[in-house]
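A short worksheet on the structure shown next.
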Amino acid sequence: MTRCRRPGGVGTAGPREAAGIEWTKAVGRPPASVWQRGRVHTAAPVDVDLALVGGGGAASLVLAALDRHRVRGLRVAVVDPVHRRGQDRTWAFWGRPDDDLDPLLAASWSQVEVATPARRRVLDLTPLRYAMLRSGPVYDRAAAAEQRLDVIRVVAPAEALDDDGESVTVHAAGSTFRASWVLDSRPRPPRRPGRTNWLQHFRGWWVAADRPVFDPRRAVLMDFRTPQPARGVSFGYVLPVSDRYALVEYTEFTPGLLTDSGYDTALVAYRDLLGLDPARLTVREVENGVIPMTDGPFEPRPSPRVVRLGTAGGATRPSTGFTFSAMHRQADQVARALAAGRPPVPAPAYPRRHLWMDAVALRALDRGGVGGPDFFDRLFDRNPPERVLRFLDGATTPAEEVAVMSSTRLLPMVAATAGDAAARLRDRLVPSRRRATWTVPPPVTGAPPIRASRSDG
């Protein structure tokens with residue numbers, strides 16, 4: 001067990017009852033959430049070592065990492081308007097088999113398929129594997145960690161963070177905490193808009209079939225046989241949990257969203273492309289999402305003692321939208337730092353040279369210099385799959401990156417590189433040319449169909 005040495009503490013808090021915290025036992029809730037914060041009786045702030053502002057995936061991974069590294073004696077508060085439980089999202093990622101995550105996985109595959117109108121390619125990912133993790137087990141493990149860590153939970157939004165360089169005062173629904181450090185994972189736009197601002201947006205159906213129709217041995221990573229938008233990329237995606245149950249998804253990388261009916265129409269068309277009989281399918285759940293794909297910079301350290309995690313801290317890879325691996329990696333770094341008495345500041349999610357390459361790739365796709373299906377097809381055709389996946393995760397060497405980038409079409413990428421350099425110079429000389437703001441819109445949601453219907457025509 002690691003006894004935590006407090007990083008830059010702000011004094012010793014007395015017993016929680018004396019500090020004005022009333023603890024109440026939750027009624028009718030599962031053991032993982034037995035205790036929750038009641039109310040604060042005094043105006044005096046409650047001292048904590050660490051405040052997690054936002055209680056979603058990033059915060060849940062931090063709580064689990066603190067527990068896994070047996071950090072004890074740390075005063076922790078979680079401030080979030082929602083106490084998250086159950087299945088509200090699905091993460092997909094690649095990596096080596098992992099003792100920490102593998103017990104939580106819904107499924108994993110050592111083979112994936114990438115399809116274009118010209119061919120279908122099955123890729124062996126060994127020694128990596130592609131994995132799917134649903135949110136329920138992550139939230140459950142975080143709730144169990146909360147109990148062991150004796151966490152204070154405030155079910156309210158954080159209204160303000162005041163950082164004086166020595167501590168951060170967190171204001172939430174009349175409650176006040178003084179934290180040595182704050183890890184803030186609430187959604188935020190980039191510090192300034194990028195030169196390319198796209199969205200990865202999707203809708204997925206969890207479908208159950210009345211007979212075996214899926215191959216659970218491999219996932220469909222990218223199926224580019226879908227109709228391509230005039231500006232952007234689209235593809236289908238199939239993650240089978242069994243031969244009768246799978247997540248079937250339609251995804252676009254474009255500047256804007258579709259309508260509710262637009263997503264359903266695209267999914268129906270993709271279902272028909274897969275040859276699935278709608279009369280034998282039932283849609284059990286619907287997932288919608290929007291993820292930023294921009295070269296705009298996110299601010300991981302907005303003030304001396306506030307650290308941002310998740311997408312707000314730059315954990316989302318601009319060229320792919322993948323986020324989970326970076327969140328998990330940074331959560332482990334935070335826990336190790338706190339266990340050693342160091343500030344909980346993780347390393348950057350991705351090397352700067354990777355962010356530059358992402359900016360060039362996004363520019364090439366946005367300006368039409370390269371087509372999305374051709375771009376990704378050439379990457380997988382001319383490189384070992386394991387190298388491509390490590391490249392997309394920011395874990396390759398410069399020599400490997402030269403090999404990956406040389407597999408793309410030379411002239412369009414040279415033009416995109418020159419255009420990116422010119423745009424950066426213009427932005428420095430004439431900052432007013434940039435857009436003032438850019439925000440990520442919420443996902444489009446609609447009522448889930450009970451049974452999938454066949455498309456007309």
Test: residue in the stretch 133-141 that is acidic (Asp, Glu), at pLDDT 95 or above and at positive phi:
no
Kindly indicate whether Pro292 is over 24 Å from Val213 (Cβ atoms), assigned to a strand (DSSP E or B) and either touching a strand residue (DSSP E or B) at 6+ places or on another chain (Cβ under 8 Å) or touching a residue at least 24 places away in the same chain (Cβ under 8 Å) (or both).
yes
From Arg153, Arg186, Arg121, Arg178, grab the single residue that is of a type outside the set (A, V, I, L, M), surrounded by fewer than 17 Cβ atoms within 10 Å (Cβ to Cβ) and out of contact with any Cys (no Cβ under 6 Å at 6 or more places or on another chain).
Arg121
So which residues in the stretch 238-254 are part of a strand (DSSP E or B) and over 20 Å from Leu362 (Cβ atoms), if there are any at all?
Val238, Leu239, Pro240, Tyr245, Ala246, Leu247, Val248, Glu249, Tyr250
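Provide a single number: the residues in the stretch 141-150 that are among the acidic types (Asp, Glu) and buried (at least 18 other Cβ atoms within 10 Å of the Cβ).
Number satisfying all stated conditions: 1.
If I ask for residues that are part of a helix (DSSP H, G or I) and under 16 Å from Gly194 (Cα atoms), which ones from the stretch 305-336 would you list?
If the condition is that a residue be part of a helix (DSSP H, G or I) and under 16 Å from Gly194 (Cα atoms), then Thr311, Ala312, Gly313 are the ones that fit.
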Please verify whether the stretch 86-103 includes one or more residues that are at pLDDT below 95 and among the basic types (Lys, Arg).
yes
Of the residues in the stretch 106-131, those that are among the hydroxyl-bearing types (Ser, Thr, Tyr) and outside any strand (DSSP E or B) number 3
If Leu389 satisfies all but one of (1) more than 25 Å from the chain's Cα centre (by Cα); (2) in contact (Cβ under 8 Å) with a residue 60 or more places away in the chain, what's the number of the condition it fails?
(1)
Any hit, the stretch 407-418, residues being of a type in the set (D, E, K, R) and in contact (Cβ under 8 Å) with a residue 60 or more places away in the chain
no
Test: Asp140 is within 26 Å of the chain's Cα centre (by Cα) and within 30 Å of Asp102 (Cβ to Cβ)
yes
Do we have any residue at all in the stretch 249-257 that's among the acidic types (Asp, Glu) and surrounded by 15 or more Cβ atoms within 10 Å (Cβ to Cβ)?
yes
Looking at the stretch 325-355 only, could you name the residues that are free of Cβ contacts under 8 Å to residues at least 40 places away in the same chain, farther than 19 Å from Leu50 by Cα and not basic (Lys, Arg)?
none
Within the stretch 76-101, the count of residues that are outside any loop (DSSP other than H, G, I, E, B) and over 18 Å from the mean Cα position of the chain (by Cα) comes to 4
Checking Arg191 against (1) of a type outside the set (Ser, Thr, Tyr); (2) more than 19 Å from the chain's Cα centre (by Cα); (3) surrounded by fewer than 16 Cβ atoms within 10 Å (Cβ to Cβ), which single condition isn't satisfied?
(2)
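The values are calculated or read from the model by the stated rules, or taken from the named source; none is laboratory data. Everything numeric in this text was worked out from a predicted model, so none of it was measured. All Cβ positions, even for glycine, are placed from backbone atoms using ideal geometry, and neighbour counts span all protein chains on display.
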